[in-house]
Amino acid sequence: MRAVTTAQPLDVQPTPLALLLLGREADPKSERGVECPGDLPAPSDPDLVERARAAKEQLGDRVFVLGHHYQRDEVIQFADVTGDSFKLAREAAARPQAEFIVFCGVHFMAESADILTSDAQQVVLPDLAAGCSMADMATAEQVAECWDVLTEAGVAETTVPVSYMNSSADIKAFTGRHGGTICTSSNAKRALDWAFEQGAPRQNKVLFLPDQHLGRNTAVRDLGMSLDDCVVYNPHKPGGGLTAEQLRAAKMILWRGHCSVHGRFSLDSVRDVRERIPGVNVLVHPECKHEVVSAADQVGSTEFIIKALDAAPAGSKWAIGTELNLVRRLALAHPDKEIVFLDRTVCFCSTMNRIDLPHLVWALESLAAGRTVNRIQVDPETEKFAKLALERMLALP
């Protein structure tokens, strides 16, 4: 007969990260946000549309509603203007008479709007949990540590940071402090050209944050570099997982970040859609992986995709590699063309979809009642340097 032993409890203390992943703790500094206080209308409330309309009419010119292209239709219908993140931030800045800017997008977008608008304006994000997984992949602490690694390798002085618009205010401020610029998916080439022109000719490097795919695709497709000119800095590995020699040899130091939506498209997705739809044009966003971009017929920003389909001839066939809300909206707007989602699997931007009609109604009705909810405010020091980086982008030729 075997002896029965009693299992002893393991003396293991859960780490803060483990507790966060289990949903038992919160990170108040996270890009995603942590709470959305207040009572929301029930999602099944049949009066939501009318309530949103009534609150918006009551506020009048005091409120300006921005809607990102990836928002769901129920929210987009109340937007005063639609666009990508940078266009919307600029639109907000161009409405100084609007006391409230309700940003139907994600957290970093609302931060950018707060940076570019006046102190008299208040930026509201209907759900603080509407964040961006890509922006979360680069924290201020991680990037500061990366800069220390570059300094130790002797390359920091010749490295210019270029940060994608899809980054937190902290990362934009880091970029501004270190002489860099912000870029969008449509002007990334101009931003990289500018960065490589700073300082001694042909000696500069670029630290591209936080989307490795946009940085790699722009460098290789638009600037004629090779994949060997690019290295990936992994913030979860000592020294970024790179040697000093690798950092010295590289021209593009890419942060290990990606978009959870665009990163899911694969070369198999492209091959599959070409087999299913003969003659299809594959059009993808530059946040997609390099092999997907290389296999596509056209590559461009969200605005580029919209304009390309507007100009496409009737009867043409398109497979679009970007967020599903936009693809579905484009398909409905162009019934004379065959427009499909590139991947067989449905994929919404889960954090962008946190902004729904109940949250929008709650935010608008609260403002109409004299209560500002979910205000996004960037501290003055961060705003100063983030704005400097944004202004460098605005000054690009």
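Within 22 Å of ARG371 (Cα to Cα) and either crowded, with 18+ Cβ neighbours inside 10 Å or in contact (Cβ under 8 Å) with a residue 60 or more places away in the chain (or both): which single residue out of ASP84, ASP127 fits that description?
ASP127
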(request) Just give me the residues in the stretch 116-136 being within 11 Å of GLY105 (Cβ to Cβ) and not charged (D, E, K, R), in sequence order. (result) VAL123, LEU125, PRO126, ALA130, GLY131, CYS132
(request) Could you please find all residues in the stretch 215-233 being surrounded by fewer than 17 Cβ atoms within 10 Å (Cβ to Cβ) and not hydrophobic (A, V, I, L, M, F, W, C)? (result) ARG221, ASP222, GLY224, SER226, ASP228, ASP229
(request) Look at ALA55 and say whether it is touching a residue at least 40 places away in the same chain (Cβ under 8 Å), among the small types (Gly, Ala, Ser) and assigned to a helix (DSSP H, G or I). (result) yes
(message) Just to be sure I understand, how many residues within the stretch 83-98 are in a helix (DSSP H, G or I) and not small (Gly, Ala, Ser)?
(response) 5
(request) Hey, could you check the stretch 305-324 for residues that are out of contact with any strand residue (DSSP E or B) (no Cβ under 8 Å at 6 or more places or on another chain) and either of a type in the set (A, V, I, L, M) or part of a helix (DSSP H, G or I) (or both) and say which is farthest from ALA219 (Cα to Cα)? (result) ALA314
(request) Please specify each residue of the stretch 325-375 satisfying the condition of being surrounded by fewer than 19 Cβ atoms within 10 Å (Cβ to Cβ), in contact with a strand residue (DSSP E or B) (Cβ under 9 Å, 6 or more places away or on another chain) and of a type in the set (Asp, Glu). (result) GLU338
(request) Check whether at least one residue in the stretch 92-99 is surrounded by 15 or more Cβ atoms within 10 Å (Cβ to Cβ) and out of contact with any Phe, Trp or Tyr (no Cβ under 7 Å at 6 or more places or on another chain), and report yes or no. (result) yes
(request) Pick out the one residue from LEU116, LEU150 that is touching a residue at least 12 places away in the same chain (Cβ under 8 Å), in contact with a strand residue (DSSP E or B) (Cβ under 6 Å, 6 or more places away or on another chain), buried (at least 21 other Cβ atoms within 10 Å of the Cβ) and not small (Gly, Ala, Ser). (result) LEU150
(request) Any residue in the stretch 274-286 that's farther than 29 Å from ALA188 by Cβ: show its pairings with residues that are modelled with pLDDT of 95 or more and of a type in the set (Gly, Ala, Ser) at Cβ separation under 7 Å, as long as the two are six or more apart or on different chains. (result) ILE277/ALA319
(request) Considering only residues that are part of a loop (DSSP other than H, G, I, E, B) and under 18 Å from the mean Cα position of the chain (by Cα), look in the stretch 153-197 and name the one that is surrounded by the fewest Cβ atoms within 10 Å (Cβ to Cβ). (result) SER186
(message) I'd like the full set of residues that are free of Cβ contacts under 8 Å to residues at least 60 places away in the same chain and within 26 Å of the chain's Cα centre (by Cα), limited to the stretch 304-318.
(response) ILE305, LYS307, ALA308, LEU309, ASP310, TRP318
(request) Those residues that are touching a residue at least 60 places away in the same chain (Cβ under 8 Å) and either farther than 26 Å from MET352 by Cα or assigned to a strand (DSSP E or B) (or both), I need them from the stretch 253-272; list them, please. (result) ILE253, TRP255, ASP272
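The values are calculated or read from the model by the stated rules, or taken from the named source; none is laboratory data. No experiment lies behind these values; they were computed from the predicted model shown. Here Cβ is always computed from backbone atoms with ideal geometry, including for glycine, and neighbour counts include all displayed protein chains.
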